[in-house]
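These notes are about the structure you will find just below.
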Amino acid sequence: MNTARALTLILALVLPASACVNPNKQALATSESQVQLRSIQSRAFDTTDREKTLRTVIATLQDLGFVIDKADGALGTVSATKLSGYQMRMTVTVQLKGTTQTRVRANAQLGLEAVEAPLPYQQFFQSLEKAMFLTANMDD
């Protein structure tokens, strides 16, 4: 009886401790996935002209079929919605990064769910990179 009771006591102490290990692993996995998601959502451009970058972001979103909901030059944000069989909302933030670059970060939502798939971000940034190149190389 004492052995069974001791085993029960040991299991009662060990099982909760082992259950605490899994949430830590999950938290680390979540942190890793968030870092990966941020890397998909962000690009740096070799320009410090935030206003021109914002205008290029707006034009790119419109070229991709988005309707601009709100643009705030002071905050450096643009929000747009795309309605084509589904409702995708994208919010893009433009910030200076150091003294030579501008960082553009896009966040997409499908309904109420955050988009974690890389394809919408890849499409947006491929189009934006082309537009930024053309804008930088156009004669004013």
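The values are calculated or read from the model by the stated rules, or taken from the named source; none is laboratory data. Keep in mind that what you see is a predicted model, and the values were worked out from it rather than measured. Neighbour counts run over all protein chains shown; Cβ positions are idealised from the backbone, glycine included. These accessible areas exclude ligands, DNA and RNA; they are computed on the full protein's heavy atoms, side chains included. Shrake-Rupley method; radii C 1.70, N 1.55, O 1.52, S 1.80 Å.
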Does at least one position in region 28-40 carry a residue that is in contact with a Phe, Trp or Tyr (Cβ under 9 Å, 6 or more places away or on another chain) and at pLDDT 95 or above? no
Against the conditions (1) within 15 Å of Ala136 (Cα to Cα); (2) part of a helix (DSSP H, G or I), where does Thr47 fall short? Just the number, please. (2)
If we ask which residues in region 82-139 are within 18 Å of the chain's Cα centre (by Cα) and part of a strand (DSSP E or B), their number turns out to be 23
So how many residues does region 50-77 have that are outside any strand (DSSP E or B), within 17 Å of Phe124 (Cα to Cα) and among the aliphatic types (A, V, I, L, M)? 6
Those residues of region 109-140 which are touching a residue at least 40 places away in the same chain (Cβ under 8 Å) and either among the polar types (S, T, N, Q) or farther than 15 Å from Thr53 by Cα (or both) amount to Glu116, Pro118, Tyr121, Gln122, Gln123, Ser127, Thr135
Which is farther than 20 Å from Asp46 by Cβ, open to solvent by 30 Å² or more (accessible area, probe 1.4 Å) and either at pLDDT 95 or above or of a type in the set (Ser, Thr, Tyr) (or both), of Gln101, Gln109? Gln109
Inspect region 1-18 for any residue being at pLDDT below 95, part of a loop (DSSP other than H, G, I, E, B) and open to solvent by less than 70 Å² (accessible area, probe 1.4 Å) and give the result as yes or no. no
Restricting attention to region 80-96, the residues that are over 14 Å from Ile68 (Cα atoms) and loosely packed, with under 14 Cβ neighbours inside 10 Å number exactly 3
